[in-house]
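As structure tokens, the structure follows; a few thoughts come after it.
The values are calculated or read from the model by the stated rules, or taken from the named source; none is laboratory data. For clarity, every value in this text was computed on a predicted model and none was experimentally measured. Cβ atoms come from the backbone with ideal geometry, glycine included; neighbour counts cover every protein chain shown. Surface accessibility is based on the protein's heavy atoms, side chains included, excluding ligands, DNA and RNA. Shrake-Rupley method; radii C 1.70, N 1.55, O 1.52, S 1.80 Å.
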Amino acid sequence: MVKAALLGATMLVAGAAAGTAMADTLADVKKAGVLTVATEMQFPPFDFLENNEYQGVDRDLIDEVAKELGVKAKYMDLPWTSVLPGLEAKKFDLVIAPVTITKERMKRYSFTVPISEATAALMKRADDKTINKPEDIAGKKVGGGKGTSQLAQVKEYGQTLPTPPDVREYVDSNQSYADLAAGRVDASVNSLPNLNFAASKRKDTFAVVLPPFGKPSYFSWVGRLDENDKSLIEAVNAALVKIQKDGRMATIQKKWFGVAQDLPTTVPEPQL
């Protein structure tokens with residue numbers, strides 16, 4: 001009886017171990033031949049729709065990563081506020097919306113190596129002579145994307161000014177830009193690459209305020225911290241480093257940013 005009980009317990013443990021070994025996201029992705037990723041397609045030049053076609057930095061990069069993994073990428077378009085909750089709910093495999101690496105987020109998510117720098121900056125109307133440096137937003141209206149690191153940073157920065165700005169939250173950055181153009185806000189906050197792209201497309205309307213006010217930071221893709229997802233993040237990291245070293249990443253960056261960026265090949269310790 002005792003031997004039988006021990007045998008049964010051993011089989012249960014072995015079965016549990018086997019089940020754990022089988023629950024591997026990378027293995028599931030390769031078996032299905034599909035890597036399902038999510039982003040918000042309202043964040044140019046990283047993710048946007050043009051003529052109903054998904055384009056941008058992340059689209060080009062994830063297609064190259066999928067090739068390295070031997071699978072196809074399937075893209076999901078979600079509001080920014082739904083992207084990270086959807087990841088936690090296991091509705092897809094990976095978030096490719098550019099997410100700023102922060103200390104708090106690292107407690108909840110697994111970050112890939114950086115895919116772009118993400119330092120927070122400001123954009124004004126091109127004809128505005130009252131904002132010439134970041135400190136000039138004191139007492140003015142500033143818009144930014146809800147739930148973004150850049151919005152949080154401008155709120156914190158505002159508290160260091162003589163009069164804090166009136167910070168307004170938008171569903172996405174494009175709405176903030178629209179209100180900036182219409183004069184309903186005086187500046188928009190986002191990452192420097194996003195603002196450079198927006199200003200380059202509408203030079204008569206927008207101008208970037210330099211230097212950036214934010215601490216140096218990076219955008220990365222995001223996975224779950226679960227042990228089951230560890231191999232997927234490692235495989236994506238290996239692919240991204242290979243793409244960086246063989247020049248494909250520089251080609252993509254020059255296409256969308258106009259210049260190549262020198263990025264870390266490991267996940268950096270966040271300053272935010």
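Quick rundown of the values:
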read-out: Filter result (touching a Leu at 6+ places or on another chain (Cβ under 9 Å) and not hydroxyl-bearing (S, T, Y)) within the range 142-169; value: V142, G143, G144, G145, G147, A152, Q153, V154, V167, E169
read-out: Scope the range 192-216; condition touching a Phe, Trp or Tyr at 6+ places or on another chain (Cβ under 7 Å) and either small (G, A, S) or at positive phi (or both); matching residues; value: A198, A199
read-out: Boolean, S200 is surrounded by fewer than 22 Cβ atoms within 10 Å (Cβ to Cβ), in contact (Cβ under 8 Å) with a residue 12 or more places away in the chain and in the same structural domain as V37 (by the TED database); value: no
read-out: Residue satisfying all of: in the range 65-84; small (G, A, S) and surrounded by 18 or more Cβ atoms within 10 Å (Cβ to Cβ); nearest to A238 (Cα to Cα) among these; value: A66
read-out: Every residue from the range 238-272 that is open to solvent by 30 Å² or more (accessible area, probe 1.4 Å) and polar (S, T, N, Q); value: Q244, T251, Q261, T265, T266, Q271
read-out: Matching residues, the range 110-140, being β-branched (V, I, T), assigned to a loop (DSSP other than H, G, I, E, B) and open to solvent by less than 40 Å² (accessible area, probe 1.4 Å); value: T112, V113, I115, T119, I131
read-out: Some residue of the range 15-35 being part of a strand (DSSP E or B), in contact with a strand residue (DSSP E or B) (Cβ under 8 Å, 6 or more places away or on another chain) and either within 19 Å of I252 (Cα to Cα) or modelled with pLDDT under 95 (or both); value: no
read-out: Number of positions in the range 177-197 that are out of contact with any Asp or Glu (no Cβ under 9 Å at 6 or more places or on another chain) and surrounded by 23 or more Cβ atoms within 10 Å (Cβ to Cβ); value: 5
read-out: Residues of the range 45-64 satisfying the condition of being open to solvent by less than 20 Å² (accessible area, probe 1.4 Å) and either of a type in the set (S, T, Y) or not in a strand (DSSP E or B) (or both); value: P45, F46, Y54, G56, V57, D58, L61, I62
read-out: Listing of helices (runs of 4 or more DSSP H) fully contained in the range 179-272 that carry 2 or more residues being within 16 Å of A120 (Cα to Cα); value: 192-201
read-out: Filter pass, G143 being buried (at least 23 other Cβ atoms within 10 Å of the Cβ) and at pLDDT 95 or above; value: yes
read-out: Residue, least open to solvent (accessible area, probe 1.4 Å), within the range 85-109, restricted to residues that are closer than 21 Å to T119 by Cα and in a helix (DSSP H, G or I); value: R105
read-out: Selected residue [among the acidic types (D, E), closer than 26 Å to F257 by Cβ and within 17 Å of the chain's Cα centre (by Cα)] from D128, D93, D60; value: D60
